[in-house]
Amino acid sequence: MSKLSLVVPVFNEQDTVELFYKALEAEHQNFSEYDLEYWYIDDGSTDHTMVEVEKLAAKDENVHYVSFSRNFGKESALYAGLEHATGDFIAVMDVDLQDPPEMLPEMLAGVSSGEWDAVGARRTSRKGEPILRSWFSKLFYKLINAMSDTHIVEGARDFRVMTRQMVDAILSMQEYNRFSKGIFSWVGFKQKYLEYENKDRVAGNTSWSFWGLLSYSIEGFIDFSRAPLVLVSFLGMFSFLLALIGAIIVFIRAIIYPETSVFGWASIVVIVLALGGMQLLSIGILGRYISNIYLESKHRPIYVSRKEK
Ligand code: UDP
Ligand code: MG
C-alpha cells in the first residue's frame, strides 16, 4: 500500500491542530487506498500547540512531529517536514483548513497516475481578504513574473501533493533563504494546479502581518531574480545621460548668455538629491544581495529541532 505524508507547519495553532486531524481522518475514507502519515512541524509555538500535538501523537502512531527550538518561519518548517516525511507521496498543507482536504483525492489521482509530479491548488478568489493585501499580491505576481526566469503561478498556495522524486529535488536545494513558491517552480517537473475559492480559517488568526508579507515578497525577488541589479545599472546609465544633457545645456547657455553664468542653484539641488537618492537605492539593492550571500556563506542549519517523534 502506498503512503501519503502530510507536512503540516504549525505556529501558535492550539485551536486548529485537533480540528485539522479530525477533518483529515474523516476525509481519509475517500482515499483509503493510501496509508496516512502526519508530520506536524511546530515552528517554535509559544502557546499550547505542542500539548495538542503530543496528545494526538500519543493516541495515533501515524502522528509524528518535529518541534523547533524557536520560530524559524514557515519555510524552514516546510523543509523539516519534507525531510522527515517517509511517504511515496507528500502533501503540504496549512493546519487552519484553508487548504480544503476534499481536494486531496483528486490531487492524489493526478500524481499516482504518473501523469503529474505535483498537483497543487490555486485560489481564484481572494474574498474575505483585505483589499490592500489582494492588491499588493496581484502587483507582486505581475512584477516577479516580469523579472524572474522562474514562473510563479498567481494565487498558488503551498498546498500540493508531490512525488517522492520531486521532494528529493526540493531537499537537494540547501539554500538558507528559502522562498517555496520559487523553489517549487524552479525544480521543474510536470505540475498542475486545481482551482478553488478562498476559504476562511476555522479558528485562530493569521500570523502574517502586512510587513511580514512585504518582506517575504522582497525575499522572492532577491532569491529568484537578478532584475533589481539590472535596474541599478539602468539607473546609473540614466543619470549619466541626464548629467551629459545637463552639461551640454549649461555649456551652451554660458556661451550664449555669458552675463547669467551663475544660475540654477535650484536645479543643482534637485540633481544632487536625485543622484543621491538613486545611489542610496542602488546601494540598498546591492546590500540585499550581499546580505543574502553573507547568510548563505555561513551554512547555518535551516532549523534547529528540540524534540521529535
Ligand atoms: N506558520 C508557521 N510559521 C510561521 C507562520 C505560520 O509554521 O512563522 C504556519 C501556520 O501555523 C499555518 C501556515 O503556516 O499552518 C499558514 O499560516 P497562516 O494561516 O497564518 O497564513 P495565511 O493562510 O494567512 O497566509
Ligand atoms: Mg491560513
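The values are calculated or read from the model by the stated rules, or taken from the named source; none is laboratory data. What you see is a predicted model, and the numbers here were worked out from it, not measured in a lab. As a convention, Cβ positions derive from the backbone with ideal geometry for all residues, glycine included, and neighbour counts pool all protein chains shown.
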- Item | Unique match (being without any contact (Cβ under 8 Å) to a residue 24 or more places away in the chain and among the charged types (D, E, K, R)) among 149, 158, 168 | 168
- Task: Could you check, for region 211-225, whether at least one of its residues is exposed (fewer than 10 other Cβ atoms within 10 Å of the Cβ) and either assigned by TED's automatic domain parsing to the domain that holds residue 71 or under 29 Å from residue 149 (Cβ atoms) (or both)?
- Result: yes
- Query: When you go through (1) touching a residue at least 40 places away in the same chain (Cβ under 8 Å); (2) within 15 Å of ligand 1 (Cβ to nearest atom); (3) of a type in the set (Asp, Glu) one by one for residue 27, which number turns out not to apply?
  - Reply: (2)
- Extreme residue, nearest to ligand 1 (Cβ to nearest atom), among residues of region 67-79 that are farther than 20 Å from residue 51 by Cβ and part of a helix (DSSP H, G or I): 74
- Query: Any residue in region 45-54 that is under 20 Å from residue 184 (Cα atoms), surrounded by fewer than 20 Cβ atoms within 10 Å (Cβ to Cβ) and touching a residue at least 24 places away in the same chain (Cβ under 8 Å)?
  - Reply: no
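For (1) of a type in the set (A, V, I, L, M); (2) more than 22 Å from residue 306 (Cβ to Cβ); (3) within 16 Å of ligand 1 (Cβ to nearest atom); (4) in contact (Cβ under 8 Å) with a residue 60 or more places away in the chain, each residue gets a yes or a no:
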| residue | (1), (2), (3), (4) |
| --- | --- |
| 9 | no, no, yes, yes |
| 38 | no, no, yes, no |
| 56 | yes, no, yes, no |
| 85 | yes, no, yes, yes |
- Of 212, 188, 182, the only residue that is small (Gly, Ala, Ser), free of Cβ contacts under 8 Å to residues at least 24 places away in the same chain and outside any loop (DSSP other than H, G, I, E, B) is 212
- Query: If we scan region 155-169, do we find a residue that is under 18 Å from the mean Cα position of the chain (by Cα), in a loop (DSSP other than H, G, I, E, B) and within 16 Å of ligand 1 (Cβ to nearest atom)?
  - Reply: yes
